[in-house]
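Trainee: The structure under discussion is supplied below as structure tokens; questions concerning it will follow.
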Amino acid sequence: MAPTPLIATPQLLELLQGLHAQSTTQESSLKWGTLPAQCSDEFDTLMRDKFIALDQDKCELVYHLLRSINAKTVVEAGTSFGVSTIYLALAVAQNLARDGDGQGRVIATEKEPSKASQAQANWARAGSEIEGVIDLRVGDLRDTLTRDLGVVDFVLLDIWTPLALPALKLVQPHLRRGAIIMTDNTLKAGAGYEDLFAYIDAEGSGFRRITLPYEGGLDMIVYQ
Ligand SMILES: C[S@@+](CC[C@H](N)C(=O)[O-])C[C@H]1O[C@@H](n2cnc3c(N)ncnc32)[C@H](O)[C@@H]1O
């Protein structure tokens, strides 16, 4: 069995396995090339009951990075049913416990109220350690990320591609030097990220990135 970086109870690991399995089953029935444009009403309607969770190996990498950089303030753009949020919250809670420091949170954002409710139910199953560090903001992230972010250590951009750059621009003034931003499906959905990557790759942007060889491509961006 492959090693996992997670420090978690068997119950939590089992919960995560089950959530990932549900997400994978749902996604396997989607025909991505034939879907309506991201951010259209039709697309949002179709996705209202879908997890579209970040793959398990990517979630584990994200958790590992958060433990490594001792991240305590994290922004998640796109929460859905809260699967990746569990990894973010576990890492933040463990970083806070390691330092004996009570200041920290995962700012989770979800536009669809029904998805946000399901996320809260999943976090309740994950336990109070997880629930206690999540600041859930329900609504359009272009509104909910305009206030009270603090100094941000890590951003998970797991959102429809047209929203990735607007989300990054809202968080950018709050990033600490060395902050990490992860973005999913950067090869598979590369056309959707053209504006984000033009911004990141521009001379003097303050960002550098590498595309990691995960399924569909996973970009790791560092704010220099
Ligand atoms: C790819 S899913 C997130 C998956 C989640 N990170 C996980 O791993 O479980 C993207 C989510 O972003 C949400 N979303 C779309 N537009 C949004 C907006 N304008 N503001 C906030 N959330 C939005 C969608 O409803 C969807 O649930």
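Trainee: What is the residue count in the range 115-140 for residues that are open to solvent by less than 80 Å² (accessible area, probe 1.4 Å), of a type in the set (D, E, K, R) and within 26 Å of ILE7 (Cα to Cα)?
Mentor: Count: 1.
Trainee: Being of a type in the set (Ser, Thr, Tyr) and part of a loop (DSSP other than H, G, I, E, B) is the filter; apply it to the range 1-25 and report the residue that is surrounded by the fewest Cβ atoms within 10 Å (Cβ to Cβ).
Mentor: THR9
Trainee: For the range 86-114, which positions are open to solvent by 10 Å² or more (accessible area, probe 1.4 Å) and either touching a residue at least 60 places away in the same chain (Cβ under 8 Å) or within 16 Å of the ligand (Cβ to nearest atom) (or both)?
Mentor: GLN94, GLU110, LYS111, GLU112, PRO113, SER114
Trainee: How many residues, within the range 141-150, are touching a helix residue (DSSP H, G or I) at 6+ places or on another chain (Cβ under 9 Å) and open to solvent by 30 Å² or more (accessible area, probe 1.4 Å)?
Mentor: Counting residues in the range 141-150 that are touching a helix residue (DSSP H, G or I) at 6+ places or on another chain (Cβ under 9 Å) and open to solvent by 30 Å² or more (accessible area, probe 1.4 Å) gives 3.
Trainee: Can you tell me which residues in the range 119-144 are more than 10 Å from the ligand (Cβ to nearest atom) and either part of a helix (DSSP H, G or I) or among the acidic types (Asp, Glu) (or both)?
Mentor: GLN120, ALA121, TRP123, ALA124, ARG125, ALA126, SER128, GLU129, ILE130, GLU131, ASP135
Trainee: Then there is this: Go over the candidates ALA202, ALA191, ALA164 one by one and state the one that is among the small types (Gly, Ala, Ser), in contact (Cβ under 8 Å) with a residue 60 or more places away in the chain and at negative phi.
Mentor: ALA164
Trainee: Which residues, taken from the range 151-162, are open to solvent by 20 Å² or more (accessible area, probe 1.4 Å) and farther than 17 Å from LEU61 by Cβ?
Mentor: Passing the criteria: VAL151, ILE159, TRP160, PRO162.
Trainee: ASP153: touching an Asp or Glu at 6+ places or on another chain (Cβ under 7 Å) and acidic (Asp, Glu), yes or no?
Mentor: Judged against the criteria, ASP153 is not a match.
Trainee: Right, next: Give the residues of the range 169-224 that are closer than 15 Å to VAL62 by Cβ, among the hydroxyl-bearing types (Ser, Thr, Tyr) and either more than 18 Å from the chain's Cα centre (by Cα) or in a strand (DSSP E or B) (or both), sorted by residue number.
Mentor: Correct list: THR183 only.
Trainee: Where residues in the range 41-83 are assigned to a helix (DSSP H, G or I) and closer than 18 Å to GLY132 by Cα, which of them is nearest to the ligand (Cβ to nearest atom)?
Mentor: For the range 41-83, the residue satisfying everything is VAL83.
Trainee: Follow-up question, since we're still on this one. Looking only at the range 169-217, count every residue that is among the basic types (Lys, Arg) and closer than 20 Å to THR79 by Cβ and tell me the total.
Mentor: Residues meeting the conditions: 1.
Trainee: For the condition in a strand (DSSP E or B) and more than 13 Å from the ligand (Cβ to nearest atom), what is the one hit in ASP148, ASP153?
Mentor: The conditions single out ASP153.
The values are calculated or read from the model by the stated rules, or taken from the named source; none is laboratory data. These numbers were taken from a predicted model, which means no experiment stands behind them. All Cβ positions, even for glycine, are placed from backbone atoms using ideal geometry, and neighbour counts span all protein chains on display. Calculation scope for accessible area: heavy atoms of the full protein, side chains included, ligands and nucleic acids excluded. Shrake-Rupley method; radii C 1.70, N 1.55, O 1.52, S 1.80 Å.
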